[in-house]
Amino acid sequence: MRKSGRGSLIGEYPAFDDIYCGLRALRRMPKAVIGETEKAVELARRFNREVVRPRALELDLRKQKDPDYLPWDLVREANRWGFYTMFIPRIFGGKGVNFPALSCVLEELASGCTGIANLVGVHYLGVATLCASWNIRLMNRVMRDTVAGYRSGEPCLISLAVTEPDAGTDVEEVELVRKARVSCHARRVKGGYVVNGRKIFISNGHLSTWHMLIAYEDLKRPQSTTVMLAVRNGTPGFSFGRQEHKMGQKACPASELIFEDCFVPDENVCVSAEQSAGLLGGAVEDAIMQVIDYVVSGSRAGVGAFGTGVARGAFEEALHYAASTEVEGKPLINHEWAQCLLAEMYKNVAVSRLTYMETNYANSLYGMFKVLNYRPVFYLFKYLPRPVIDRVIRPLLDLDAVTRLFRKIYFDWQPPPFTRRTSGWASLSKFAATDAGVRNCQLALELMGRAGLRHDGGVEKHLRDSKLLQIYEGTNQLNRLNLFKCLIAPSVPGAVVFDE
């Protein structure tokens, strides 16, 4: 312990384990992860060159003229390239590429167009939400639907439906949801739930087949009655509403989902409030917060990758402009002020990348990926013949005992410092990288002047795309508070977050 300037006692800060996730991961990470990641990024680069960059500006203009247009052609193309099954574990029928590599792929795609990158990234937000329930039977069923969609050529995407008309960021923290004006009600009936309410700003909503729906049994006690339901298109009582008319990331629709006496059977309940009561020694609110933390610890790293990608896209446009433009009789890139500005932009990209990589190291050691990245498990599922998986492993996934085991591992055996580490680093990456993305777009406009305002230059689109990154997956203000809660407050006795 050491004394602060005011004489109060403060614990050792920062904790060793909080800042050396990458160092610890090096000795535990399977070496094959490196090769897998390289191949995944190379595929993303080819997709960027052949699909994303040629279509990004054209699609942006088309959505401007027709906001209700849905880019099914791009979704089918991404499906044909295998992006929707690439990170689904092989035990569920997917290709089984290590999940941290997803962030590297998303950065690559976002450097061309963040909206198109979101057509891929948001699907895995739905996957992560489903996985955070650790309902293995339902995970197997839904993800095998996605695999079947890849094989048939008809994409089967998964969305997350959480935001409501009067409740957004506040539903991502148990301390805040108790005060939120939630309205999506799930009434318990024989054999399932009847849902009434609306969800808004649901990314990929109109394009998805499955929707991981967050609802509440008691709207006056949402913090302890949260339920997660899997709703498939065609379910009676479920329908799509409008698409939002957005400023940026137009390629990815933001949808309204409507539930009117929508019956969801027990077999589609990912996790209920009753099931949460059986986790973490009956601490229901802690169990619900644990589910949320598992989701955002992975998804906010992805948003950090989006921020890194848009920062890189703006840098690349500015670099190209500087190399091809003359000012005062010499190339702009040979002016020192331009070199300093470009160096600042490059720094923003590099530092942002380090934040999401460190977050993924933390998740691999302590979070959602830890079992799959355990070296014996990683190599077992990587090389186990698919017929063996289908004949031996697949039937086991429907056993209640397997779900109980995974929930034991990820809830009862999960030390609180592990969760704080992954959640805190995810928030750090989210706000640091997305702020850097906006800043690089501004710097690119400063360097390019009027040329940067032209639609065909790409930078003004990157700027419009970047602003949304500061809002979804929890506003950057909320993520700063979550970082304080997870990585700073534990070392300061008496420090309380969300106390107002």
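The values are calculated or read from the model by the stated rules, or taken from the named source; none is laboratory data. From a predicted model like this one, the values you see are computed outputs, not experimental measurements. Here the Cβ positions follow ideal geometry from the backbone for every residue, glycine too, while neighbour counts run over all protein chains shown.
With respect to Ala343, is the statement that it is at pLDDT 95 or above, surrounded by 18 or more Cβ atoms within 10 Å (Cβ to Cβ), more than 24 Å from the chain's Cα centre (by Cα) and in the same structural domain as Val310 (by TED's automatic domain parsing) true? Here the answer is no, as Ala343 does not meet what is asked. Summed over the range 95-119, the residues that are touching a residue at least 24 places away in the same chain (Cβ under 8 Å) and either of a type in the set (Gly, Ala, Ser) or in a loop (DSSP other than H, G, I, E, B) (or both) give a count of 13. Could you go through the range 371-386 and let me know if any residue there is touching a residue at least 24 places away in the same chain (Cβ under 8 Å), in a loop (DSSP other than H, G, I, E, B), of a type outside the set (A, V, I, L, M) and closer than 30 Å to His320 by Cβ. Within the range 371-386, none of the residues are touching a residue at least 24 places away in the same chain (Cβ under 8 Å), in a loop (DSSP other than H, G, I, E, B), of a type outside the set (A, V, I, L, M) and closer than 30 Å to His320 by Cβ.
Each row is one residue, and each column tells you yes or no for (1) hydroxyl-bearing (Ser, Thr, Tyr); (2) buried (at least 21 other Cβ atoms within 10 Å of the Cβ); (3) outside the structural domain of Phe418 (by TED's automatic domain parsing).
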| position | (1), (2), (3) |
| --- | --- |
| Pro253 | no, yes, yes |
| Leu257 | no, yes, yes |
| Asp266 | no, no, yes |
| Val296 | no, yes, no |
| Gly307 | no, yes, no |
| Ala311 | no, yes, no |
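What is the residue count in the range 410-443 for residues that are of a type in the set (S, T, N, Q) and over 22 Å from Lys461 (Cβ atoms)? Talk me through it step by step, then tell me what you get.
The initial filter retains those residues of the range 410-443 that are of a type in the set (S, T, N, Q), namely 414, 419, 422-423, 427, 429, 434, 440, 442.
When the remaining residues are screened for being over 22 Å from Lys461 (Cβ atoms), the result is 414, 419, 422-423, 427, 429.
Of the residues in the range 410-443, 6 are of a type in the set (S, T, N, Q) and over 22 Å from Lys461 (Cβ atoms).
Considering the range 160-179 alone, what residues qualify as being in a strand (DSSP E or B) and either free of Cβ contacts under 8 Å to residues at least 12 places away in the same chain or of a type in the set (Phe, Trp, Tyr) (or both)?
none
Within the range 431-444, is even one residue of a type outside the set (A, V, I, L, M, F, W, C), in a helix (DSSP H, G or I), within 16 Å of the chain's Cα centre (by Cα) and closer than 24 Å to Ile202 by Cα? Yes, some residue in the range 431-444 is of a type outside the set (A, V, I, L, M, F, W, C), in a helix (DSSP H, G or I), within 16 Å of the chain's Cα centre (by Cα) and closer than 24 Å to Ile202 by Cα. Restricting attention to the range 64-94, the residues being crowded, with 17+ Cβ neighbours inside 10 Å and assigned to a helix (DSSP H, G or I) number 8.
When the residues of the range 462-476 are narrowed to those that are in a helix (DSSP H, G or I) and in contact with a Phe, Trp or Tyr (Cβ under 8 Å, 6 or more places away or on another chain), which ends up surrounded by the fewest Cβ atoms within 10 Å (Cβ to Cβ)? Even if it seems obvious, please write down each step before you answer.
Of the range 462-476, the ones in a helix (DSSP H, G or I) are 462-469, 476.
Next cut, in contact with a Phe, Trp or Tyr (Cβ under 8 Å, 6 or more places away or on another chain) only: 469, 476.
Details: Leu469: 27, Asn476: 19.
Going through the qualifying residues, I end up with Asn476.
Please go through the range 348-368 and give me each residue that is of a type in the set (Gly, Ala, Ser) and either crowded, with 24+ Cβ neighbours inside 10 Å or within 15 Å of the chain's Cα centre (by Cα) (or both), ordered by number.
Just the residues of the range 348-368 that are of a type in the set (Gly, Ala, Ser), to begin with: 350, 352, 362, 364, 367.
Matches in the range 348-368: Ser352, Ala362, Ser364, Gly367.
Is it fair to say Trp425 is aromatic (Phe, Trp, Tyr) and surrounded by 13 or more Cβ atoms within 10 Å (Cβ to Cβ)?
Values: aromatic (Phe, Trp, Tyr): yes; surrounded by 13 or more Cβ atoms within 10 Å (Cβ to Cβ): yes.
It is true that Trp425 is aromatic (Phe, Trp, Tyr) and surrounded by 13 or more Cβ atoms within 10 Å (Cβ to Cβ).
Using the structure shown, decide if Cys104 is assigned by TED's automatic domain parsing to the domain that holds Tyr356 and either surrounded by 24 or more Cβ atoms within 10 Å (Cβ to Cβ) or within 27 Å of Tyr69 (Cβ to Cβ) (or both). In short, no. In a residue-by-residue description of the range 124-139, the property of being part of a loop (DSSP other than H, G, I, E, B), under 29 Å from Glu358 (Cβ atoms) and either touching a helix residue (DSSP H, G or I) at 6+ places or on another chain (Cβ under 8 Å) or among the aromatic types (Phe, Trp, Tyr) (or both) applies to at least one position.
What about Val349, is it part of a helix (DSSP H, G or I), touching a Phe, Trp or Tyr at 6+ places or on another chain (Cβ under 9 Å) and either in the same structural domain as Ser466 (by TED's automatic domain parsing) or of a type in the set (Ser, Thr, Tyr) (or both)? Answer is yes for this residue. Could you go through the range 398-408 and let me know if any residue there is over 23 Å from Ala283 (Cβ atoms), in contact (Cβ under 8 Å) with a residue 24 or more places away in the chain and either assigned to a helix (DSSP H, G or I) or not assigned by TED's automatic domain parsing to the domain that holds Tyr374 (or both). There is at least one residue in the range 398-408 that is over 23 Å from Ala283 (Cβ atoms), in contact (Cβ under 8 Å) with a residue 24 or more places away in the chain and either assigned to a helix (DSSP H, G or I) or not assigned by TED's automatic domain parsing to the domain that holds Tyr374 (or both).
Checking Val182, Val142 one by one, the residue that is outside the structural domain of Gly115 (by TED's automatic domain parsing) and β-branched (Val, Ile, Thr) is Val182 and no other.
Could you say whether any residue in the range 278-297 is of a type in the set (Gly, Ala, Ser), assigned to a helix (DSSP H, G or I) and under 17 Å from the mean Cα position of the chain (by Cα)? Looking for residues that are of a type in the set (Gly, Ala, Ser), assigned to a helix (DSSP H, G or I) and under 17 Å from the mean Cα position of the chain (by Cα), one finds at least one in the range 278-297, hence yes.
Quick one: is Phe238 surrounded by fewer than 23 Cβ atoms within 10 Å (Cβ to Cβ), among the aromatic types (Phe, Trp, Tyr) and under 23 Å from Val142 (Cα atoms)? Considered against the rule, which asks whether it is surrounded by fewer than 23 Cβ atoms within 10 Å (Cβ to Cβ), among the aromatic types (Phe, Trp, Tyr) and under 23 Å from Val142 (Cα atoms), Phe238 comes out as yes.
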